[in-house]
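A.B. asks: This is the structure, below, for whatever I ask next.
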């Protein structure tokens, strides 16, 4: 009871009054980020690996494929996120059944996250010493075996660090989604902090986002240390 009273004394009354909405906004942000970074992991990882393998001199050595994929990745990454959200509203409605809310915002977030993470994966794989892959091929390993048993394990610390960066970046992007009806903490901060001038709610939303970023960064740093055997 004393702890609860202490917390109640710290949290502004304006924030306590909207606590149900605050909890809902946290859940919406978590949903948007979870969907988008899962899409990045599932689809961005193979795209990033393919970008590396298909480049000139790579294991597949199909520069036209690498250049085509690279062009698509660069085009998507060149869109400011707010513009991307508006540009793909018809697609969003087809996929999510609506153009507003966290599920709708998860569509452009996912589309943005896939090429974002793909480039990071490409760089992580590229940093693996070329000699390791060549030695595996000389020993009779197939391309898929080189990827699964050499490139990914050797690049794992960097891949985890890249994924951590992606999660943190899309926590921020999820807040931007609040500008266009995406819901979440960004929407809460705008509605109360900007539209109604209830600044404590806005500051509380920002603090929650900062704490979330710190937790993700700490978890990523620990994970990197665990898998890094160097």
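The numbers here are math on the coordinates, done by the rules we state, and not lab data. None of the values given here were measured: they were computed from a predicted structure.
A.B. asks: Taking the chain as a Gaussian network, Cα atoms linked when under 10 Å apart, which of 44, 58, 131 shows the biggest mean-square fluctuation?
C.D. replies: Between 44, 58, 131, it is 131 that shows the largest mean-square fluctuation.
A.B. asks: Still on this structure, please answer the following. What translational D, rounded to a whole number of µm²/s, comes out for region 95-161 from Stokes-Einstein when the hydrodynamic radius is the Kirkwood one over Cα pairs, at 37 °C and 0.692 mPa s? Mind dumping the intermediate values first?
C.D. replies: Working: Rh = 14.1 Å.
Approximately 233 µm²/s, per Stokes-Einstein.
A.B. asks: Could you check which residue among 85, 216, 75 shows the biggest mean-square fluctuation in a GNM of the chain with a 10 Å Cα cutoff?
C.D. replies: In this elastic network of the chain, the residue with the biggest mean-square fluctuation among 85, 216, 75 is 75.
A.B. asks: Further question: Calculate the translational D of region 154-203 in whole µm² s⁻¹ from Stokes-Einstein, where the hydrodynamic radius comes from the Kirkwood formula applied to all Cα pairs, the temperature is 25 °C and the viscosity 0.890 mPa s.
C.D. replies: Values: Rh = 12.1 Å.
My calculation gives 202 µm²/s for D.
A.B. asks: In vacuum, with every alpha carbon of region 28-142 counted as one equal point scatterer, what does the Debye formula give for log10 I(q)/I(0) at q = 0.13, 0.14, 0.16, 0.23 Å⁻¹? Two decimals, please.
C.D. replies: The Cα Debye sum returns log10 ratios of -0.58, -0.65, -0.77, -1.22.
A.B. asks: Hey, another quick one. Taking Cα centroids, how far is region 108-167 from region 80-103 in Å?
C.D. replies: Cα centroid to Cα centroid, the span is 30 Å.
A.B. asks: Further, regarding this structure: On average over all directions, what projected area in square nanometres does region 140-230 have, based on the convex hull of its Cα atoms?
C.D. replies: On the way: hull surface 30.6 nm².
Hull-based average projected area comes out at 7.7 nm².
A.B. asks: Who wins for biggest fluctuation among 90, 108, 153 in a Gaussian network model of the chain, springs between alpha carbons below 10 Å?
C.D. replies: Taking springs between Cα atoms under 10 Å, the residue moving most is 90.
A.B. asks: Let me ask you something else. Please report the base-10 log of the normalised intensity I(q)/I(0) for region 35-87, using a Debye sum with one equal scatterer per alpha carbon and no solvent, at each q in 0.30 (1/Å).
C.D. replies: Here log10 of I(q) over I(0) equals -1.07.
A.B. asks: Sticking to Cα atoms, compute the Rg of region 179-219 to one decimal and its Dmax as the biggest Cα-Cα distance, whole number, in Å.
C.D. replies: Every Cα atom of region 179-219 included, Rg and Dmax give 11.3, 36 Å.
A.B. asks: Another question, if that's okay. Quick one: give the max-minus-min coordinate of the C-alpha atoms of the chain along each principal axis, largest first, in Å.
C.D. replies: So the three principal-axis extents are 68, 45, 23 Å.
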